[in-house]
1. State the antiparallel share, in %, of DSSP beta bridges confined to chain B, rounding to the nearest 5.
2. Determine the equivalent ellipsoid of chain A by diagonalising the alpha-carbon gyration tensor, then write out the semi-axes as square roots of 5 times the eigenvalues, largest first, rounded to whole Å.
3. If you average the C-alpha positions of segment B:4-37 and of segment A:26-69 separately, how far apart do those two centres end up, in angstrom?
4. Out of A:Ser94, A:Asn56, A:Ser80, whose Cα points farthest toward the positive end of the dipole of chain A (charges: +1 Lys, Arg; -1 Asp, Glu; placed on Cβ)?
5. Could you derive backbone 3J(HN,Hα) for segment A:100-107 from the dihedral phi with the Karplus parameters 6.51, -1.76 and 1.60 (θ = phi - 60°), listing whole Hz in sequence and x where the residue is Gly or Pro?
6. Skipping prolines and chain starts, which residues have an amide H placed within reach, meaning under 5 Å, of the one on B:Cys23, given they are 5 or more residues away or on another chain?
7. Convert each backbone phi in segment A:50-55 into a coupling constant with the Karplus relation 6.51 cos²θ - 1.76 cosθ + 1.60 (shift: θ = phi - 60°), then list the ³J(HN,Hα) values in order as whole Hz, x for Gly and Pro.
8. Tell me, what ³J(HN,Hα) does each residue in segment B:37-48 have, in order and in whole Hz, if you take phi through Karplus 6.51 cos²θ - 1.76 cosθ + 1.60 with θ = phi - 60° and put x for Gly and Pro?
Amino acid sequence: DAEITQSPRHKITETGRQVTLACHQTWNHNNMFWYRQDLGHGLRLIHYSYGVQDTNKGEVSDGYSVSRSNTEDLPLTLESAASSQTSVYFCASSESTSRYEQYFGPGTRLTVT
Amino acid sequence: GNSVTQMEGPVTLSEEAFLTINCTYTATGYPSLFWYVQYPGEGLQLLLKATKADDKGSNKGFEATYRKETTSFHLEKGSVQVSDSAVYFCALSDPGTGRRALTFGSGTRLQVQP
């Protein structure tokens, strides 16, 4: 069965370190997204990609970057982790048009100390 | 811009009670509307969806009707179970803007007591 996976599931890191969160999907979807979930804010869009070599900033992109070298993967990098980036991060994918629902990974809980 | 407003939680109900979670939206075009559910420690799962006005989405006893005149997509269930305890998110996508990401409400936590 097709799926979307994230790793690691839990991560503790120190302020200032670079961290990369992995996202891998086997749906063969062109669209991939990264959201962060914080209490009282729902899910907020960090970065997204509509295909290989395409990346775009979302509403809360400061301090994050992504790259898309193939269809299956969209890793999220925190260049210099800050305590404000302690959150739960979700990766999602969808078919080409926005009429279609998104499929979500299980999430990565990141703690920055 | 687009936005989604959900009722504040938590919502606490007894088993077999009737559930309504209100959701209203603002969008520039003709959005698709979704309800997602998140069980503790898990990712979001699509619960139901509607892609045009007057459509009714349904799944697992949950229903929601796309009401363009009131810009609403309220979630209902006739008889909740303890296993329905979760966080519910209303969301929209608005293809008219070219944006394919979802816009989410803040989520409503449902607690069902036996």
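1. Values: 35 of 39 bridges.
Approximately 90 percent, going by the DSSP bridge assignments.
2. Numbers: eigenvalues 101, 38, 36 Å².
Listed largest to smallest, the semi-axes of chain A are 22, 14, 13 Å.
3. Their Cα centres are 24 Å away from one another.
4. Of A:Ser94, A:Asn56, A:Ser80, it is A:Ser80.
5. So the Karplus estimates, Gly and Pro as x, are 8, 5, 9, 10, 10, x, x, x Hz.
6. Residues meeting the amide H criterion: B:Phe73, B:His74, B:Leu75.
7. 9, x, 4, 6, 9, 9
8. Here the 3J(HN,Hα) series is 10, 10, 7, x, x, 10, x, 7, 10, 5, 9, 6 Hz.
Every number in this text was worked out from the coordinates using simple rules, so none of it is lab data. What you see is a predicted model, and the numbers here were worked out from it, not measured in a lab. Every residue, glycine among them, receives a Cβ derived from its backbone with ideal geometry; neighbour counts consider all protein chains shown.
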